[in-house]
Structures are given as C-alpha cells and as structure tokens.
Amino acid sequence: MNLRHQLIALLAAMLVLTMIGNHLLQEATVFPAFRELEHAQATTDTQRCLASLNRELDQMAMTALDYAAWDDTRQFLDDNNEKYAHDNLVSDNFNSLKLDLISILRLDGTAHWSRYLDAESGELVAADSWPATGLKADDPLLKHADSSDVQRGLYPSPRGVMLVVSAPITSTNQVEPIHGSLVMGRLITPAWMEQLRNATACDVELLFSATDQTTEETRRLKGLTTPGAVALLEGDTTLAGYSVIHDIKGSPLMTLRVTLPRQITARGEAAIRTAQTAMAVGGVLLLLALGIALDRGLARPLMRLTRHVVEVRQRDDLTTELPTGRRDEIGRLAREFNAMTQALRQSRDRLAQHAHEAGMAEIATEVLHNVGNGLNAVGISGDLMDEQLRNPIIGLDEMVAVLQEHRGRLHELLRADNRGDKLIDFLSALRDSENQRRGQLVAEVQELRNHISEVKGIIAAQQRFAGQAAWLQTEKPDKILEDALRMARTGQLSGLTIQRRYDALPPVTLERTKLIQVLVNLIRNAMDAMAGCDEQHRILTLSLQARDDATFIIEVTDTGVGIDPNDLAKLFDFGFSTKADGHGYGLHYAQNAVRSMSGRLEAASGGPGQGATFTLTLPLCQQPQDSESKAA
C-alpha cells in the first residue's frame, strides 16, 4: 500500500472512529438525557392524573361538608322531613353535583336515606343493597375525628368503584356532637374517565384488576404498593406511568396507568441522527479537503521522491536531481538528497578510478606472471639443448686415433685387425645415437618455438588491448572468452577441466578491454577458489547465451569453496575480499566496469563448499554515450 492510500485509510479510519465515538458519546450522554426527560414527563403526567383525582375528591368533600354542617340536614336525620328531601335530595341536585350516590347514615352505620341516580332513566332509586345491613362501627365512612373531618377515597360499591366522601353531620355552628355521616359518591364510568383525560390531556386508564394488566405489567408492578409512588414501563413506541390507588380502607384497589408516546426520545433520536448525518457529511468534506491537501503537499512530493530514488537505484544514474523549489521540509529533503547523490557520485568516480588502476595493475601483474612462466619454459628448453650440445660423443676420439694410425692402409685394418669389425659396429651405433639426439634437439627447438610464440601472443594481446582501452570493438563473444582464458593461464591449475557451453551469437559491440579484464578477474578468482579442491573436482564452466533481442549473458561457474550467504551482499564492496591475501579491488572494479558498459554483474552461491556462479548481463550493442557518460 503506497503512502497516498495509507493517508486515505488513516483519515477514513479517523473519521469512522470519530463518528463511532460521537455515537457512543451521544448514546451515553445525550440520549439518556432525552430518556430522563421523557421519564420525568411520564412521572409528572401520572402525578397530575393522581392530583386531578384527588382534586375531585376535595371538591366532593367540600360539598359534603357544606351539606353535613347544615341544620336542615341534621333535622332531616332526626325527623325525616319530607320537605328537605323534596327540596335537596332530588335528581337535579345529583346531576348538578355530578353525584351518583347520596347516603345519610346514622351513627350505628344504618342508612337513614340512601339513593342512586339511575343513569338510564335519570331517576333516583333506593340503594337497598348499600349498605344492606349497615356499616361496622370502625368503617372509615363513620369515623370522624371532629366536625370538620371528612373521609375520602375510592369505595367498591355494588354498582362499581366510586369516588366517595363522608362528612360528619352536625349543626351549622358545629358545636353539637356528630349525629351521623353524609356520604356522597361518584361512579368511575367511561364518561368520567373521558372527562379525566380531557382535564389532564393524558391517555389515562384505571385498571381495576389483574386481568386488565398484561403479563409484563403484572410482573413489573408486583412491588408497587406505596400510594403516590410512580413506576415506569418502557415500550418500543410508548412509555407508561403506573401508580397504585388504595381504597378508603387503605387497601390497593386499582392501578392508574398513563400512557404517552415516546415523542421526546423519537425527537432525540432524530436529532442525534441529524447531528450524526451532518457530522458524517462534514467529516467526509473535511476528509476530502485534508486528503487533497495532504496529497498535494505531502503524498505527491514523497511519491516523486520515492520514484526518483527507485530510478536512481535501478538505472544507477546519480546525475539526475530532484526539484528544490519548495521551502518546507520536503524541499529541504530534496536538497539534502541531491547533495548526497552528488557526494556519492564523486566518491564513486574516485573509487572507480582507484579500482580501475588497481585492476589494470592486477592485469599487468598477471601478464608479467604469464610472460615469466613462458620465459621460464624457454630457459628450460635452452638449458636442455645446451646440455645436449655440450656432451661429447663417447668413443669418437678412440676411433679417430685408430684411423689415423692406419692412414693409407685402412684395408689392412678392416681385413687383418679384429678392430675393423668393431669399427663398423661403432659407426652403426654412432649413427643411431646421433639420430636420437637430433630428434630430441628438434623436439626441444619446436617446444622452444611454442613457448616463444605463446609469450609473444600474450604480449601482443595485452598491447592490443592496452592500446584500445577507450574504444568500442565488435567481436564474437566466444572469441573474447577464449582470449580471456588464454590470458588467465588456466593451464597453471593442474587437473582443471574447462567446460564450454557457447550458444551461437552474432558479433557484439562493446568495450572489449574492460570485458577482458573482468573475465580474467573472474576466471582467476574461480581458479583460486578451486585450488584447494581435489583435481578431479576442479571444473570451470563458461556459458554464453542470448537473454533477449538486446542483451546476452556470460556465466562463469566454478566448483570451489563457495561463498557464505552473509558475504554475498558485500561481495562487490570496495576493499572487501574473502581471500587472505586479497585487496578487495578486483570484484569492485569488475562491477563498476560492467555498469559502465550498461550491464549488470551478479553473484550466486549455494553456500560454503557449493561453488559459485558469476553472471554478466551485457547489451549486444553498447551505445558510445553510455560508455562516455558513465566513464565521465
């Protein structure tokens, strides 16, 4: 992944993480605030409905207290005055007071007068069934601490649950003792519930039994027993507030439920989504702006710098420079890199010159060594010839003395003297000996000529190469390899087997002198690497093949000591050598020479004891400007 993609990925990751963090923060802080606000509203609405219920009881209590503290009411309890009943206890009063029950009870709990308002007929009917046998003395409806003590609450009647108030019956001045109780009741009907909803603007319900509740409500509200306490139950779209309502005796009678739509949380979620969408859009725009800015200000310059560095490495061209017009860190980096490549170029030029001189000195040493070897052979042949020429012919002097003694009468010597027979044998043996010595001398002369020709060839070849060092020459590559083998004097390594694997290639045009020097260096190194091996394992393989239409390959492979993998990376470094007496110039010069010919030199080895292969990749036709520019 390049730098541009890394920056885009980093910015995108930052945007995603920021959005996730913002979402988590809103879920942890903002949304709970909306939820708490919604819970507060549900609690408030539930309490308002309870308060509305209590206000109705308070209003009924005030009405009941007014009627109970009236002397006519006390008198009606005593004498059952029909006029009081006709004037006050009629259906019109029931309707105006929104009452469904009025009962006047004696102190013993029995009913003196008790009527229901029939909802269908609008007439009063006797409430015979309530209380049928009277109330007990401890019934809350009969318990009044004083003349102003009004009991109130819900009461389950035969006709249903109703709001009930009970006021003590006394005199107008409230100085007389309590004579009984005036009970007023208002049935909780659907119409009354609708009025309660309108008055509170809430969706309120009264659940009279467990059958009116869901299983979840029953489970969640099991512990809700305290009057006035509010419990909340959340649904997907609604929020319900619950409060238990006790009857006038203090026992749980019904549950008030207020349901409200979850508009607050819905609006909160909508606001959060809007904020997140706006943040996402803003983040994307910011990401684009930052991406463009970083791409133009950082990624592109760094990519140009990277491409330049890669091109310098691949093309090995230290002359090109980066633009240095920027005044920021990128511009400073470009200037520093240009200065570094310039210093490296100058250092390489110095090293190349040094290596070239060292390589030429090594070639000269090899040539002088080869000439010396040839001259040694010439001297040996001359000594052998001198020795043979100086040695006298055995018996020749005795034979001459005998012949001089018998001068003028040789026939007598050959006929009468037995030495005549020996003379013939001696001459025959002398002929054979001289023929043998002449053959030896002829052979030695021929060997001397061969050695002299070899020395002359080495000197002539070196003079030819040295005189044309800066020229491009066209020659078949196999001929160049054979010349390099001749100069390397491979015959000096006994038992060396040379394997040639030459493909038929056309003549190539290149700096022959440099290539010869490189090949001689590689061949001599291969011979040194195999010097410690058994003679039957000394194999030098020279390969020549075309790589493509524009380049060819030369490989020099030996079966010597091999190269440690840790040394391969620094094998061509200046001053590095694996030989105890090496100076580290040869391979460094060879690599620089091959580079100057627009080629490449590589080394490979399976490790110690596995031999080594040096591969030269060269152009079939070296351009003059390549040599000139890279030698400059």
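The values are calculated or read from the model by the stated rules, or taken from the named source; none is laboratory data. Note that the structure is a prediction, hence the values are computed from the model and not measured. Neighbour counts run over all protein chains shown; Cβ positions are idealised from the backbone, glycine included. These area figures cover heavy atoms from the full protein model, side chains too; ligands, DNA and RNA do not enter into them. Shrake-Rupley method; radii C 1.70, N 1.55, O 1.52, S 1.80 Å.
Heavy atoms only, probe 1.4 Å: what % of the accessible area of segment 118-199 goes to carbon and sulfur, would you let me know? Answer for segment 118-199: carbon and sulfur cover 49 percent of the accessible area. Computed with a 1.4 Å probe on the full set of protein chains, the accessible area for GLU336 sits at about 110 Å². In the context of the full set of protein chains, segment 122-187 has a per residue accessible area of 43 Å² (1.4 Å probe).
Ignoring ligands, DNA and RNA, what percent of the accessible area of segment 488-542 is carbon or sulfur (1.4 Å)? Of all accessible area on segment 488-542, carbon and sulfur atoms account for 45 percent.
For the residues PHE426, PHE614, PHE208, a 1.4 Å probe over the protein chains yields an accessible-area ranking, largest first, of PHE208, PHE426, PHE614.
In this structure segment 517-622 gives 42 Å² per residue of accessible area when probed at 1.4 Å with all protein chains present. With every protein chain in place and a 1.4 angstrom probe, the accessible-area ranking of GLU269, GLU120, largest first, reads GLU120, GLU269. Segment ALA270..ARG501, full-extension length gain: 75.0 nm, with 0.36 nm per residue of separation and the alpha-carbon distance subtracted.
Modelled this way, with points 7 Å down the Cα-to-C-beta line, the labels at LEU305 and ARG449 are 7.3 nm from one another. For segment 22-38, the Karplus equation 6.51 cos²θ - 1.76 cosθ + 1.60, evaluated at θ = phi - 60°, returns couplings of 4, 4, 5, 5, 5, 5, 8, 10, 6, 4, x, 5, 4, 5, 5, 4, 5 Hz by residue, with Gly and Pro reported as x. Taking each residue as 0.36 nm, the span from LYS143 to VAL90 lengthens on full extension beyond its C-alpha to C-alpha distance by 16.4 nm.
In the context of the full set of protein chains, segment 44-98 has a per residue accessible area of 53 Å² (1.4 Å probe).
The order of the peptides 324-330, 83-89, 98-104, 56-62 by mean Cβ neighbours within 10 Å, most packed first, is 98-104, 56-62, 83-89, 324-330.
Atom-type composition of the exposed protein surface of segment 10-80 places 62 percent of the accessible area on carbon and sulfur (1.4 angstrom probe).
Compute the FRET efficiency between MET193 and ALA28 as 1/(1 + (r/R0)^6), taking r as their Cβ-Cβ distance and R0 = 60 Å, and round to the nearest 0.05. Here the calculated transfer efficiency is 0.90. Along its three principal directions, the equivalent ellipsoid of segment 126-284 from the Cα gyration tensor extends over semi-axes of 47, 17, 14 Å, largest first. The alpha carbon gyration tensor of segment 66-138 gives principal lengths a ≥ b ≥ c with a/c of 1.5 or higher and a/b no greater than b/c, which makes the shape oblate.
Between ASP79 and LEU333, the modelled labels are 11.7 nm apart [label points 7 Å from Cα along Cα→Cβ]. For segment 1-159, treating each Cα as an identical point scatterer without solvent, what Debye log10 I(q)/I(0) comes out at q = 0.15 1/Å? The Debye formula, applied to the Cα set alone, gives -0.92. How high is the FRET efficiency from ALA51 to VAL16, r the C-beta distance, R0 41 Å, rounded to 0.05? Efficiency computed from Cβ-Cβ geometry: 0.25. For the set LEU333, LEU53, LEU124, the ranking by accessible area, highest first and with no ligand, DNA or RNA atoms included, is LEU333, LEU124, LEU53 under a 1.4 Å probe. Each residue was assigned an accessible area with a 1.4 Å probe, and for SER251 the value is about 60 Å².
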